[in-house]
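The values are calculated or read from the model by the stated rules, or taken from the named source; none is laboratory data. Predicted, not measured: the structure shown is a model, and the values here were computed from it. Every residue, glycine among them, receives a Cβ derived from its backbone with ideal geometry; neighbour counts consider all protein chains shown. Side chains are part of the model used for accessible areas, which takes the heavy atoms of the whole protein and leaves out ligands, DNA and RNA. Shrake-Rupley method; radii C 1.70, N 1.55, O 1.52, S 1.80 Å.
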Amino acid sequence: MHGTVIRNTGNSYVVRLDDGRELECKVKGNFRLRGIRSTSPVAVGDRVTVAASAVRGAADAAAHGDAVHYITEIGERRNYIVRKASNLSKQSHILAANVDLAVLVVTVARPETSTTFVDRFLASAEAYRVPVVLAFNKADEFSADERDTTGYLMALYREVGYDCHLVSARTGYGLDALGQAMAGRVCLLAGHSGVGKSTLLNRLVPGAGARTAEISQVHGTGMHTTTFSELYDLPGEAGGAVIDIPGIKGFGTFDMEPAEVAHYFRDIFALSADCRFNNCTHTREPGCAVLGALEEHRLAPSRYASYLSMLDDKEEGKYRSAF
């Protein structure tokens, strides 16, 4: 039997079979992706093969009926979003697989999403061929300074080449345009805890019933309301789906060599074509077009700082949080 993983609770998986049935499954076998060790070998969005195994006792029979179902094989992934596991530097955490679009939900306050976090997410998505749009949420709560900051960031990322949406998940502002961008596509919904992902999901998928919570008044950060990853079908004739995942605190890059990092920054990569040396690291070399653009204010300092931080990730045991 073949199907798609639509829910990951950590201990088991729900697979929607090609005939429409949904089965709770366990993992059987030792899964690996290109030699990468992962904290969770099966991700929501994975195409999998499922097989039934006879139960071995009354307890199993009561829990599973006539058989226990196992995921025995993972189909080839056309892409995925992966980050470094925050507490296990040599392991990866695959957030979702076979994604048509990643929607990164960003807030400039309550909580603040740093440009370093945004840039790390964008670079990792570039590395694994996942298109990204940025949804700047909580437009209904902006102060004058926050509105200006949001406008600057949207202009910056649009100039880099990313589609940006100004939205309010609470009031529905801007969601028609965002929904059109998501229609007919399998979309990952990602961001820090507290940026409004659950509220946005409930707007996009009425009846999803995702829990929401207030921002911590002490720390100004969000509290986890999504505890596992799940796929929800988008309403409407165009179809599509949303993969909701728990909030991400930090985004450590995984399996990325220093020489590759510039390739995943669209603006830096474009500038690097004019560097004097083909192997320029854009840190100290003479004739570096990237450093020249930085000095001439043609490259945002925040983008260059994010690039430098990712060059440092190769240090053993190093992990940079989002804050």
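Residues in segment 88-127 that are touching a Leu at 6+ places or on another chain (Cβ under 9 Å), free of Cβ contacts under 8 Å to residues at least 60 places away in the same chain and in a loop (DSSP other than H, G, I, E, B): V108 alone.
Scanning segment 251-280 for residues that are farther than 24 Å from S114 by Cα and touching a helix residue (DSSP H, G or I) at 6+ places or on another chain (Cβ under 7 Å) yields S272, D274, C275, C280.
Within segment 140-171, being assigned to a loop (DSSP other than H, G, I, E, B) and surrounded by fewer than 12 Cβ atoms within 10 Å (Cβ to Cβ) holds for S143, G161.
Within segment 295-309, work out how many residues are polar (S, T, N, Q) and open to solvent by 20 Å² or more (accessible area, probe 1.4 Å). Count: 1.
Remark: pairs (first residue in segment 163-179, of a type in the set (D, E); second residue open to solvent by 20 Å² or more (accessible area, probe 1.4 Å); Cβ separation under 7 Å; 6+ apart in sequence or on different chains) = D163/A181.
Within segment 180-191, residues that are under 12 Å from V132 (Cβ atoms) and in a loop (DSSP other than H, G, I, E, B) sit with their Cβ atoms under 8 Å from residues that are open to solvent by less than 40 Å² (accessible area, probe 1.4 Å) and at pLDDT below 95, at 6+ positions apart or across chains, in these pairs: G191/G247; G191/I248. For H93, the stated conditions hold: it is within 26 Å of the chain's Cα centre (by Cα) and at pLDDT below 90. Condition first: small (G, A, S), at pLDDT 95 or above and exposed (fewer than 13 other Cβ atoms within 10 Å of the Cβ). Can you find one or more residues in segment 181-196 that meet it? Checking segment 181-196: not a single residue is small (G, A, S), at pLDDT 95 or above and exposed (fewer than 13 other Cβ atoms within 10 Å of the Cβ).
Filtering segment 111-131 to residues that are open to solvent by less than 10 Å² (accessible area, probe 1.4 Å) and not β-branched (V, I, T) leaves P111, F117, D119, R120, F121, L122, A123, S124, A125. Is there a residue in segment 209-231 that is modelled with pLDDT of 95 or more and not hydroxyl-bearing (S, T, Y)? Among the residues of segment 209-231, at least one is modelled with pLDDT of 95 or more and not hydroxyl-bearing (S, T, Y), which makes the answer yes. The number of residues in segment 63-90 that are loosely packed, with under 15 Cβ neighbours inside 10 Å, at pLDDT below 75 and under 24 Å from the mean Cα position of the chain (by Cα) comes to 3. With respect to L200, determine if the residue is open to solvent by 10 Å² or more (accessible area, probe 1.4 Å), among the hydrophobic types (A, V, I, L, M, F, W, C) and either part of a loop (DSSP other than H, G, I, E, B) or in contact (Cβ under 8 Å) with a residue 60 or more places away in the chain (or both). Considered against the rule, which asks whether it is open to solvent by 10 Å² or more (accessible area, probe 1.4 Å), among the hydrophobic types (A, V, I, L, M, F, W, C) and either part of a loop (DSSP other than H, G, I, E, B) or in contact (Cβ under 8 Å) with a residue 60 or more places away in the chain (or both), L200 comes out as no.
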